[in-house]
Amino acid sequence: MPIALYPGSFDPIHSGHIDIAERAARLFEQVVVAVYDSPASKRLLFSTEQRVELARATLQHLPTVQVIPYRGLTVEIAHQVGATALVRGLRATSDYEYEAQLALTNKALAPDIDTVMLITSLKYAYLSASILKEVAALGGDISRWAPPLVVEALLSIRR
Ligand code: ADP
């Protein structure tokens, strides 16, 4: 069974991400969650170290899943870890256009790597890290969308 790379910003990791990681772990022998270091196009709340730390802590129940930070091309890190698949999560059809563009670009860059898109679980279909951060910043209850450690990290930024 192949190795999969699950790349993303994970700012911070939430239950929708964790659900995809758990499902990917059932499909692949090993899953490497790759936390993108400083995407130029995004303003991130947490540092790369914090995002990696939160991902490691919340995925520690999955022995075949490891978390690493990365920079540069996703397909390059995929090659470095021996991954033949990229895992991405799909929520609404609005995700599809961007994800298809990304998958086709990665395929052009690395024809030996395929993107596997897992459809979100219904209960996380509307969940995004941006919404999570916004609700947390406004003092709303986010405990149904993120593990306690992540809730605590978001609350401590608010304080
Ligand atoms: P990126 O900046 O690469 O989009 P994200 O951390 O936002 O990174 O997301 C990483 C991956 O997780 C993406 O494929 C995204 O579509 C997926 N994802 C995000 N939220 C959810 C969710 N609620 N359910 C399923 N997949 C999700």
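The values are calculated or read from the model by the stated rules, or taken from the named source; none is laboratory data. Bear in mind that the values here come from a model prediction, so they are computed numbers and not experimental data. Here the Cβ is made from the backbone with ideal geometry for all residues, glycine too, and neighbour counts use every protein chain on show. With ligands, DNA and RNA removed, areas are computed over all heavy atoms of the protein, side chains included. Shrake-Rupley method; radii C 1.70, N 1.55, O 1.52, S 1.80 Å.
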Subset of the stretch 17-41 [assigned to a helix (DSSP H, G or I) and either modelled with pLDDT under 95 or open to solvent by 10 Å² or more (accessible area, probe 1.4 Å) (or both)]: His17, Ile18, Asp19, Glu22, Arg23, Ala25, Arg26, Leu27
Candidates Ala103, Ala129, Ala137 - the one that is of a type outside the set (S, T, N, Q) and farther than 22 Å from Arg43 by Cα: Ala103
All strands (runs of 3 or more DSSP E) inside the stretch 42-148 with 1 or more residues being away from the ligand (no atom under 15 Å from the Cβ) and either under 14 Å from the mean Cα position of the chain (by Cα) or at pLDDT 95 or above (or both): 65-70, 83-90
Only one of Thr120, Thr105, Thr93 that is in contact with a Gly (Cβ under 6 Å, 6 or more places away or on another chain) and under 28 Å from Val75 (Cβ atoms): Thr120
Output for the stretch 117-159, where each listed residue is of a type in the set (Gly, Ala, Ser), open to solvent by less than 40 Å² (accessible area, probe 1.4 Å) and in contact (Cβ under 8 Å) with a residue 12 or more places away in the chain: Ser121, Ala125, Ser128, Ala129, Ala136, Ala146, Ala153
